[in-house]
Amino acid sequence: MLKKNEELTKINHEQGSFVKPKENWGLEKETNNFANKVKLYRQGKLADDDFRRFRLQHGAYGSRLRPDYSMIRIKVPSGEMTPEQLEKIATLSEAFSIGSAHVSTRQNIQLHWVQLEDVSEVMRGLVEVGLTTREACGNTVRNVMCSHFAGVCPNEVFDATPYSTAIAKFLLRNPMSQNLPRKFKINFGCCNKHGLVRIADIGLVPDLRDGKKGFRIYLGGGLGAASFIGHLLEDFTSEEQLLSTCMATIRLFDRLGNRDNMARNRMRYLVNEIGWEKFQKMVLKERAIVAMTVSEFTKNLYQVNFDDSYVPLKKSTKFNNLPIVETNISTTSNGYDRWLHTNVVPQKQENYFTIFITLGAGDITSSQLRSLALLIRKFSSESVARNTPQQNFAIRYIYNNDLPAVYKKLMAIGLANPGALTITSAVGCSGTTSCNLAITNSHRLAKEVQRTLLELGFDVDNDLRNSTIKISGCPNSCGQHEIATIGFFGGAARIENSMAPVYTMLFGGNGYEDEGKLGKAIMRVPAKRVIDVIKKIVELYKNEKSSSETLDMWIDRIINNNGNGNIKNMDDIKTLLTPVTQLPPFEEDQELYQDYGNDIKFVAKTARGECAA
Amino acid sequence: MCSLINLKNNKSKTKLKYNIQSKPKNVNVKSSNLKQQNQKQTNNTKTHFKGKGTIYKLPIVCDVETLRTLIRKKAARVVDVRRIEDYKKGHIPTAVSLPLANLLSNDSPEQIVKLLETLGIYDEMPVVVYDDTFGALAARVAWTFQYVGHENTSLLEMTYTNWKNLGLEIENRINKFPETTHSLKLNHSIYADATYVESIQNNPDKVLVDSRERLNFLSEHIPSAKNIPYTMLGNNNHILRSVDELKRFVENRGITQDSEIITYCGSVGTLSGLAFYALKLAGIKNIKLYSKSFKDWKALGKPKIEFKDANYWDLSAE
């Protein structure tokens with residue numbers, strides 16, 4: 001092992017090397033404070049609602065129908081995690097949670113079913129490795145996301161990570177982010193494809209004008225019961241205006257946002273009510289006021305730290321698209337080739353690759369986390385991992401020659417599944433495994449979809465590669481179903497006089513910057529028919545597609561009524577899919593009326609949501 | 001892997017006092033009480049003569065250095081509770097083999113006393129028990145010894161693997177010692193059965209603790225039980241965490257030092273045996289082990305709490 005490290009150091013030295021700045025997000029006194037508040041609450045000295053607000057502000061979300069247990073949401077700004085942090089999370093999960101950790105769709109790591117009395121102990125452990133749960137839930141600025149490709153994407157103009165970190169630092173524990181009308185989300189992208197910038201309250205994409213750094217900033221996007229795609233604020237926002245733009249937007253929202261109707265108080269509703277043009281003008285005016293009035297002291301709390309030790313690596317001239325490992329691959333190809341094809345992408349840095357760890361709906365065991373930490377130390381030149389909104393891990397800066405060894409290591413710990421960057425890597429929120437609002441077990445369904453599609457070899461099918469499947473357990477879009485090629489959200493319906501878990505299926509969404517759009521609802525599908533329907537869609541597509549047309553392109557054509565074969569529009573495909581969605585009478589096959597993971601009759605049970613405080 | 005040096009530095013220690021002349025008993029009792037009040041995990045040694053040389057009174061958990069000294073002085077019986085095959089491959093010097101399965105195969109008090117005698121353990125003899133299963137098997141054996149009246153029993157602070165990884169001495173000879181006689185003095189205060197557990201329901205001063213993992217607990221448990229999973233109790237290098245940590249866990253749960261606690265787990269009282277000693281270390285005086293645990297409870301058809309409104313098992317990545 002030592003020998004290997006020496007080799008790596010040598011490589012780094014030759015290729016250019018850097019040390020990542022270590023950010024400390026934690027604050028120890030908050031852990032004791034939390035423990036004390038739990039005691040007061042248990043002694044009846046703190047009202048339910050006051051405690052709930054406090055709990056959410058500190059990242060502890062009540063578990064499904066059991067407020068005495070918490071889901072602990074660990075904020076991971078920009079998704080960047082050190083091996084030490086992964087190891088600590090492994091240990092904390094074993095001790096206080098369920099021995100697994102869960103990657104969310106917003107680059108958080110979640111620990112489920114932690115007893116309320118132990119939350120402070122988990123927080124204590126997190127602080128030891130610089131992590132926090134502060135403002136991970138509640139009416140606050142949530143985890144600031146940054147594309148997991150930032151810094152390595154061949155199509156980016158500069159690395160947005162230092163800006164993402166600076167904004168996250170500025171807003172964390174900042175009085176202006178403590179009591180907003182509702183949660184507030186900020187996403188940084190790298191290029192026009194990655195980073196989900198159109199579905200955030202503020203989305204930012206790095207841009208250059210006359211050699212000056214800046215951003216294209218989108219406001220008022222977001223997914224939920226009613227979803228909106230963000231609007232471009234102006235042609236170009238210089239980096240000097242980044243802070244004032246963010247502050248102005250948050251201030252406006254804080255001042256004007258709806259504090260009465262919880263179902264309508266995200267900023268996107270405000271933008272929609274006021275109208276974009278008017279809101280845009282207000283933001284620009286507010287920005288001018290912020291720029292003029294904010295004190296130097298406050299401004300200095302915002303510091304973009306570029307790593308001085310960074311020596312730029314030689315830029316690759318070979319690649320300008322992601323992903324790109326082109327080989328003729330099939331299900332009979334050997335495992336390594338299949339993995340290369342579906343889990344590995346070249347970086348803009350010559351000879352370096354980013355590899356993806358395929359998880360099932362974001363779940364990873366403690367022992368896998370530990371092995372992953374060792375692997376990162378040994379093979380990643382930047383020695384950190386990033387978690388992704390597709391609920392996987394991205395390990396970057398893997399040197400060309402190390403790829404076979406990395407694959408072998410991953411095989412040994414059960415993390416070498418292919419398909420991370422393909423349609424098989426289905427996203428699933430936590431659903432009825434832990435969430436109060438969930439109606440269906442979207443989490444398990446996502447795992448079942450992944451397993452089945454991998455068995456069918458959908459991961460090696462280049463036609464399906466760019467398409468995505470995302471599943472939420474209720475209409476609130478934690479599973480981001482509205483930006484999926486094929487999306488599903490859970491509900492309940494009476495079929496043949498019996499209640500059954502069903503999903504509403506949506507077509508044609510995507511989270512890109514340039515063409516970002518929301519999926520269109522097609523039809524309802526019983527939970528136990530979802531996989532059959534996906535298979536049928538692919539079958540229909542294969543019959544109908546024109547030569548080089550991929551699934552997502554074909555679906556786009558159908559929802560725009562532009563089909564040219566037997567399927568011309570949404571009605572046509574609905575007609576063909578309807579037989580697949582039918583269930584036999586309840587008495588004939590009761591199992592089809594049950595949800596995944598249940599052997600009892602389906603009942604839709606929900607409780608008060610924990611999203612807002 | 002941490003070195004022995006680090007390990008030593010992490011522990012609060014009092015130096016062993018060898019060959020000290022016997023002191024009046026009340027003095028010893030006092031100092032022992034004082035130490036308990038300080039809530040320090042110390043190598044509280046009490047010495048007196050009883051025609052068998054110096055006898056050391058062991059703390060709840062025995063640290064490595066104390067055990068090595070006791071081994072050198074031939075002043076304790078070391079009990080290895082792993083499987084006999086593992087014992088034969090190597091064990092801590094002077095250790096005798098008592099696989100947990102052997103003990104459980106007939107655990108009538110008379111039989112346990114017979115086992116003690118066969119292993120050459122006399123009434124006051126210091127006994128140190130170890131395993132390679134994060135302390136749970138050792139805890140169950142130690143509890144059984146204490147239940148039949150062998151009070152001077154202690155758990156080695158670490159597992160056999162930890163011991164071996166530290167490069168400490170091991171041997172593979174099969175140790176046998178002359179048979180002794182041992183009295184039987186049942187300690188009812190540390191024992192609980194289903195009837196007892198049933199009787200404490202709704203008594204706020206008596207706390208039932210389930211030491212199984214979280215998901216098992218959520219699935220089903222005895223009514224009114226609180227969950228302290230065994231996974232919380234130890235860490236990589238020690239079968240039990242520091243006293244401060246354990247005390248904090250207990251305090252966080254609102255369990256007071258003067259509460260009576262009954263621990264149970266899935267079937268034979270191993271995980272709950274470890275919890276028994278963890279709570280003892282945390283300063284709780286009155287603890288009982290429901291050694292037959294949930295398996296017995298279910299077999300008797302007693303009521304249980306089930307939670308079926310969430311699919312928490314599907315979160316597991318196994």
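The values are calculated or read from the model by the stated rules, or taken from the named source; none is laboratory data. The model shown is predicted, which means the values in this text are computed figures rather than measured ones. All Cβ positions, even for glycine, are placed from backbone atoms using ideal geometry, and neighbour counts span all protein chains on display. Surface accessibility is based on the protein's heavy atoms, side chains included, excluding ligands, DNA and RNA. Shrake-Rupley method; radii C 1.70, N 1.55, O 1.52, S 1.80 Å.
Does A:Thr440 fit the bill of being in a loop (DSSP other than H, G, I, E, B), β-branched (Val, Ile, Thr) and away from chain B (no Cβ under 14 Å)? For A:Thr440, the condition - in a loop (DSSP other than H, G, I, E, B), β-branched (Val, Ile, Thr) and away from chain B (no Cβ under 14 Å) - is not met. Among the residues of segment A:151-162, are any closer than 30 Å to A:Thr432 by Cα and among the hydrophobic types (A, V, I, L, M, F, W, C)? Scanning segment A:151-162 turns up no residue that is closer than 30 Å to A:Thr432 by Cα and among the hydrophobic types (A, V, I, L, M, F, W, C).
Quick grid of which residues meet (1) within 18 Å of the chain's Cα centre (by Cα); (2) under 26 Å from A:Lys88 (Cβ atoms):
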| position | (1), (2) |
| --- | --- |
| B:Asn203 | no, no |
| B:Arg214 | no, yes |
| B:Ser224 | no, no |
| B:Lys247 | yes, yes |
| B:Val250 | yes, yes |
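Put simply, of B:Val96, B:Val79 the only residue that is surrounded by 15 or more Cβ atoms within 10 Å (Cβ to Cβ), outside the structural domain of B:Gly269 (by TED's automatic domain parsing), within 19 Å of B:Gly269 (Cβ to Cβ) and not hydroxyl-bearing (Ser, Thr, Tyr) is B:Val79. For segment A:481-491, the criterion of being farther than 23 Å from A:Asn187 by Cα, part of a loop (DSSP other than H, G, I, E, B) and open to solvent by less than 20 Å² (accessible area, probe 1.4 Å) is met by no residue.
Looking across segment B:233-247 at every residue that is out of contact with any Gly (no Cβ under 8 Å at 6 or more places or on another chain) and part of a helix (DSSP H, G or I), the one that is least open to solvent (accessible area, probe 1.4 Å) is identified as B:Leu246.
For segment B:198-223, which residues satisfy the criterion of being more than 14 Å from chain A (Cβ to nearest Cβ), buried (at least 22 other Cβ atoms within 10 Å of the Cβ) and closer than 15 Å to B:Lys298 by Cα? Residue satisfying the conditions is B:Ile222 alone. Among the residues making up segment A:90-116, those that are in a strand (DSSP E or B) and within 7 Å of another protein chain (Cβ to nearest Cβ) are A:Ser100, A:His102, A:His112, A:Trp113, A:Gln115. A single member of B:Lys285, B:Lys292 is touching a residue at least 60 places away in the same chain (Cβ under 8 Å), away from chain A (no Cβ under 14 Å), more than 23 Å from A:Asp599 (Cβ to Cβ) and open to solvent by 30 Å² or more (accessible area, probe 1.4 Å), and it is B:Lys292. Of the candidates A:Val119, A:Val127, the single residue that is assigned to a helix (DSSP H, G or I) and more than 10 Å from chain B (Cβ to nearest Cβ) is A:Val127. Any residue that is touching a helix residue (DSSP H, G or I) at 6+ places or on another chain (Cβ under 9 Å), assigned to a helix (DSSP H, G or I) and surrounded by fewer than 24 Cβ atoms within 10 Å (Cβ to Cβ) - is there at least one of those in segment A:130-139? No, the conditions are met nowhere in segment A:130-139. Within segment B:248-265, identify whether any single residue is open to solvent by 50 Å² or more (accessible area, probe 1.4 Å), part of a helix (DSSP H, G or I) and more than 11 Å from chain A (Cβ to nearest Cβ), and answer yes or no. Looking through segment B:248-265, none of the residues is open to solvent by 50 Å² or more (accessible area, probe 1.4 Å), part of a helix (DSSP H, G or I) and more than 11 Å from chain A (Cβ to nearest Cβ). Within segment A:21-41, being in contact (Cβ under 8 Å) with a residue 24 or more places away in the chain, open to solvent by 60 Å² or more (accessible area, probe 1.4 Å) and assigned to a helix (DSSP H, G or I) holds for A:Glu28, A:Asn32.
Those strands (runs of 3 or more DSSP E) of segment A:356-409 in which 3 or more residues are within 14 Å of chain B (Cβ to nearest Cβ) occupy A:363-365. In this structure, does A:Arg142 turn out to be more than 17 Å from A:Ile395 (Cα to Cα), more than 12 Å from chain B (Cβ to nearest Cβ) and basic (Lys, Arg)? In short, yes. Residues that are within 27 Å of A:Asp589 (Cα to Cα), modelled with pLDDT under 95 and either polar (S, T, N, Q) or under 17 Å from the mean Cα position of the chain (by Cα) (or both) within segment A:453-507 comprise A:Asn497, A:Ser498, listed in sequence order. Within segment A:42-71, the residues that satisfy the criterion of being in a helix (DSSP H, G or I) and within 20 Å of A:Asn139 (Cα to Cα) are A:Asp48, A:Asp49, A:Asp50, A:Phe51, A:Arg52, A:Arg53, A:Phe54, A:Arg55, A:Leu56, A:Gln57. Scanning segment A:434-454 turns up one or more residues that are open to solvent by 10 Å² or more (accessible area, probe 1.4 Å) and of a type in the set (Val, Ile, Thr). Restricting A:Glu539, A:Glu587, A:Glu591 to those that are closer than 17 Å to A:Leu464 by Cα, of a type outside the set (A, V, I, L, M) and either open to solvent by 30 Å² or more (accessible area, probe 1.4 Å) or not in a helix (DSSP H, G or I) (or both) reduces the list to A:Glu539. In the condition set (1) in contact with a Ser or Thr (Cβ under 7 Å, 6 or more places away or on another chain); (2) more than 22 Å from A:Leu252 (Cβ to Cβ), A:Thr133 is compliant with all but (1).
Looking across segment B:295-309, the residues that are within 14 Å of another protein chain (Cβ to nearest Cβ) and touching a residue at least 24 places away in the same chain (Cβ under 8 Å) come down to B:Ile305, B:Glu306, B:Phe307.
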